[in-house]
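First comes the structure, then the notes that go with it.
The values are calculated or read from the model by the stated rules, or taken from the named source; none is laboratory data. As the structure is a computational prediction, the values presented were derived from the model and not from experiment. Here the Cβ positions follow ideal geometry from the backbone for every residue, glycine too, while neighbour counts run over all protein chains shown. Areas reflect the complete protein model, heavy atoms only, side chains present, ligands, DNA and RNA absent. Shrake-Rupley method; radii C 1.70, N 1.55, O 1.52, S 1.80 Å.
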Amino acid sequence: MLSDNLLLDLEQKGIVHVKNFFDSNELEKARKIVKNYSVKKGHDLSYFSTNLKLLIYKVLKLNFKRLSEDIFFLRLAKKKKIDKFSDKHFKKKSFLKFIDAYYSEVSDQDVLPWHTDQAYEGVEKNEKGFVNPDNYHIKFFIYLTDVVPENGCMSYIPYSHKLGYIIRKGIYNNEIKFDKYFLLKEFRNFCKKNKDYLIKQLNDKKVFDKFIEETEFIESNKDTKKFDYSLRAGDAIIFNEGGVHKGSKSTISERMVLRYLYSSKT
Ligand SMILES: [Fe+2]
């Protein structure tokens, strides 16, 4: 199911959509587990075991119900060859950093606006130094409920991960000066300020121009639905976290998702 064509697309666009990633039985079981806890993102119970050590811990705690759920999600990853796909993407052994699954109730509260997850913050320079730009994450996002614009869907600006990578590389190698670029407006300004460097490094003016053109909306504090990913329950998206993206609030119906995060580094 996770074909090599998808690998190429992920590398180029930074995001791919996989229809019917889970069959109805897998979907039903995953939904049952997540619904049973109904915990929000970040809650302790939203995290599932990623390795043997954590599974043994569940045994020692005699928490067999949770153990079987952990094994279910781990087996799903194996069955769907998520780990193999991730290894192929990073072109080396990659590492499962977390599995989480959570529930979002209907809400009109804003979620994170357009941003990039891998942005440097600036303070690292005085501490451990900037993270190597080649150490990054890809996320497998499996939807357990339908999502549409303004109701829990994810939006992603294709190709923006390429700019994100060059920015990190440039700062890391001291070739461009650090400035904040976490939010889209900052990211866009940063790109415009370092235009020549980015185009030279990208070796592709089109990617740069397209990004500037397509993100014009943010300058007038507007938004767009152009990059929204409407998905059915059981569908998945896989994306490079270095690209610019945002989540939307669930204004109509509850939302449940399952996520696997893989990294190039332990
Ligand atoms: Fe994010």
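With θ taken as phi - 60° and the Karplus curve 6.51 cos²θ - 1.76 cosθ + 1.60 applied, the whole-hertz 3J(HN,Hα) list for segment 243-258 is x, 8, 8, 7, x, 10, 5, 8, 8, 10, 9, 4, 10, 10, 9, 10 Hz, x standing for glycine and proline.
Within the straight-line cut-off of under 16 Å between alpha carbons, the aspartates and glutamates reachable from K192 are E175, D179, D204, D209, E213, E214, E216, E219, sequence neighbours fewer than 8 places apart in one chain being disregarded. Past 21 Å, Cα to Cα: identify those pairs from K169/K222; K162/K195; K40/K225; K125/K180; K93/K180; K88/K139, in the order given. The pairs that break the limit, which is 21 Å between Cα atoms, are K169/K222; K40/K225; K93/K180. Angle of helix 4-13 to the longest C-alpha principal axis of the chain, folded into 0 to 90 degrees and rounded to 10: 40°. On a per residue basis, segment 188-266 carries 48 Å² of accessible surface, using protein heavy atoms and a 1.4 Å probe. The residues neighbouring L62, those whose beta-carbon lies less than 15 Å from its own, together hold a net charge of +2 under the Lys/Arg +1, Asp/Glu -1 convention. Of the GluC sites (Glu not before Pro) found in segment 88-132, those in coil by DSSP whose Cβ has at most 15 other Cβ atoms within 10 Å are E105, E121, E127.
Using the Karplus relation 6.51 cos²θ - 1.76 cosθ + 1.60 with θ = phi - 60°, the per-residue 3J(HN,Hα) values for segment 44-55 come to 3, 6, 7, 9, 10, 4, 10, 8, 4, 4, 5, 5 Hz, with x marking Gly and Pro.
Measure nothing fancy, just the Cα-based angle from helix 24-37's long axis to the longest principal axis of the chain, in degrees from 0 to 90, nearest 10. The angle comes out at about 90 degrees. Could you work out what % of the accessible surface of the chain is carbon and sulfur, using a 1.4 angstrom probe and leaving DNA, RNA and ligands out of the count? Result for the chain: 51 percent of the exposed heavy-atom area is carbon or sulfur. Pairs of Cα atoms nearer than 8 Å and 6+ residues apart set the relative contact order; for the chain it is 38 percent. Compute the angle between helix 64-79 and the longest alpha-carbon principal axis of the chain, please, reported from 0 to 90 degrees and rounded to the nearest 10. Long axis of 64-79 versus the principal axis of the chain: about 50 degrees.
Taking every DSSP helix (H) stretch of at least 4 residues in the chain, weighting each as -39,500 (n - 2.57) and dividing the sum by the residue count yields a mean residue ellipticity at 222 nm of -11500 deg cm²/dmol.
Averaging the Cα positions of each part gives two centres, and for segment 117-136 and segment 34-103 these lie 27 Å apart. For segment 68-172, the solvent-accessible area with a 1.4 angstrom probe is 47 square angstrom per residue. Here the Karplus curve 6.51 cos²θ - 1.76 cosθ + 1.60, taken at θ = phi - 60°, turns the phi angles of segment 114-130 into couplings of 3, 7, 10, 6, 9, 5, 6, 9, x, 6, 4, 4, 8, 10, 7, x, 5 Hz, with x standing for Gly and Pro.
Taking the Cβ of R255 as the center, what net charge do the other residues with Cβ under 15 Å away carry, scoring Lys and Arg +1 and Asp and Glu -1? Result for the neighbourhood of R255: -1.
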